[in-house]
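What follows is a single structure, written as structure tokens, with notes after it.
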Amino acid sequence: MTASLPSATPESARPTRLERITTEAGAEIAVLTFAHGPLNLFDKAMFDSITADVDALSADPPRAVLLRAEGKVVSGGVDVHVFEGLTTEQGAELWQTLFAEIIHQIEALPCPVVYAAHGLTLTAAFEIALACDIILAAPRAKFGLVETVVGLTPSMGGPQRLAERAGSGRARELVMTGDLYDAATLASWGVVNAVHEDVDAAARALVARLADGPTRAHHATKKIIEAWRSGGVAHADSITPEVSGELFGTEDLVGAVRSFLAVGPGKAEYSGR
């Protein structure tokens, strides 16, 4: 049995906003915005709202997703009241719930997921970013896993996903010191994919580009990399023939091959089917 998160907040008061928009080419994009000002703190209502949004994305996936935030900061972290008075069992159930309902569901979405960080990005917000496919940041963005200030270690997958991107030594440093790291440093470590002055515009442009692309192929890429993450190169090799082979039955591959042979590369249009 997992820990229960609170019941849904009325739509007008929800701390997140999920919008669906369409690119000029007709591909659907979902934009999930943290809007729980002034600090976008992850309290019980915030966790519940994100869970509902991720459920909606899983039930009806778009062709790309953008996670972003409103306000001065992406998030000031978790509201410590969430942890107050929890027993050992309740603490374990909380993390189990957040993995199952947020982190693992984001990673399982069958489309590219981009995270845009324009400012301070702490604890749960950073761990959610690490569950996304691509992280973009503004030069002024700062990141931290600062759970040591309340005697915790990050427990929504941050340390292990940080280690995957930056190496285990860097992950231990960032978590154990509780220091803040700027976007340029994390880009040099391979945690942040790119730094942009106007990160929101850059992220929206990237998401549109990815949404207009071969969605089934992007999903196959995610499956192959997930196989490597769980079982190494040999496991990824073992599942690639079937995963990639299925693409030959998609409209996008058939059409793109025909387009390539007829007019050359870069002219194909994709439907996501």
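The values are calculated or read from the model by the stated rules, or taken from the named source; none is laboratory data. As the structure is a computational prediction, the values presented were derived from the model and not from experiment. Ideal geometry is used to build each Cβ from the backbone, glycine not excepted, and the neighbour counts take in all protein chains shown. For accessibility, only protein heavy atoms count, side chains too; no ligands or nucleic acids. Shrake-Rupley method; radii C 1.70, N 1.55, O 1.52, S 1.80 Å.
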request  = Find the residue count for the stretch 137-164, including only residues that are open to solvent by 10 Å² or more (accessible area, probe 1.4 Å), more than 14 Å from V78 (Cβ to Cβ) and hydrophobic (A, V, I, L, M, F, W, C).
outcome  = 1
ask   = If you go through the stretch 90-116 one residue at a time, how many are open to solvent by 20 Å² or more (accessible area, probe 1.4 Å), among the hydrophobic types (A, V, I, L, M, F, W, C) and within 30 Å of A205 (Cβ to Cβ)?
value = 1
query = Taking the stretch 96-143, which residues are over 19 Å from A35 (Cα atoms), in contact (Cβ under 8 Å) with a residue 40 or more places away in the chain and among the small types (G, A, S)?
reply = A100, A108
note = Output for Cβ contacts, cut-off 8 Å, separation at least six or different chains, first residue aliphatic (A, V, I, L, M) in the stretch 200-216, second open to solvent by 40 Å² or more (accessible area, probe 1.4 Å) and assigned to a helix (DSSP H, G or I), reads L210/H218
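Could you list, in sequence order, the residues of the stretch 79-89 that are in a loop (DSSP other than H, G, I, E, B) and open to solvent by 50 Å² or more (accessible area, probe 1.4 Å)? Give the steps one after another, and end with the answer.
At the first step, the residues of the stretch 79-89 found to be in a loop (DSSP other than H, G, I, E, B) are 79, 83-87.
If the condition is that a residue be in a loop (DSSP other than H, G, I, E, B) and open to solvent by 50 Å² or more (accessible area, probe 1.4 Å), then E84, G85, L86, T87 are the ones that fit.
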request  = Determine which member of the set V207, V263 is under 23 Å from the mean Cα position of the chain (by Cα) and among the β-branched types (V, I, T).
outcome  = V207
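Out of V191, V207, I need the residue that is touching a helix residue (DSSP H, G or I) at 6+ places or on another chain (Cβ under 7 Å), within 16 Å of V113 (Cα to Cα) and open to solvent by less than 40 Å² (accessible area, probe 1.4 Å). Which one? Before the answer, list the steps.
Values: V207 fails: touching a helix residue (DSSP H, G or I) at 6+ places or on another chain (Cβ under 7 Å).
It is V191.
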note = Conditions (1) outside any helix (DSSP H, G or I); (2) in contact with a helix residue (DSSP H, G or I) (Cβ under 6 Å, 6 or more places away or on another chain) -> E127 fails only (1)
ask   = Which one of the conditions (1) more than 22 Å from L32 (Cα to Cα); (2) in a helix (DSSP H, G or I); (3) not β-branched (V, I, T) does A203 fail to meet, given that it meets all the rest?
value = (1)
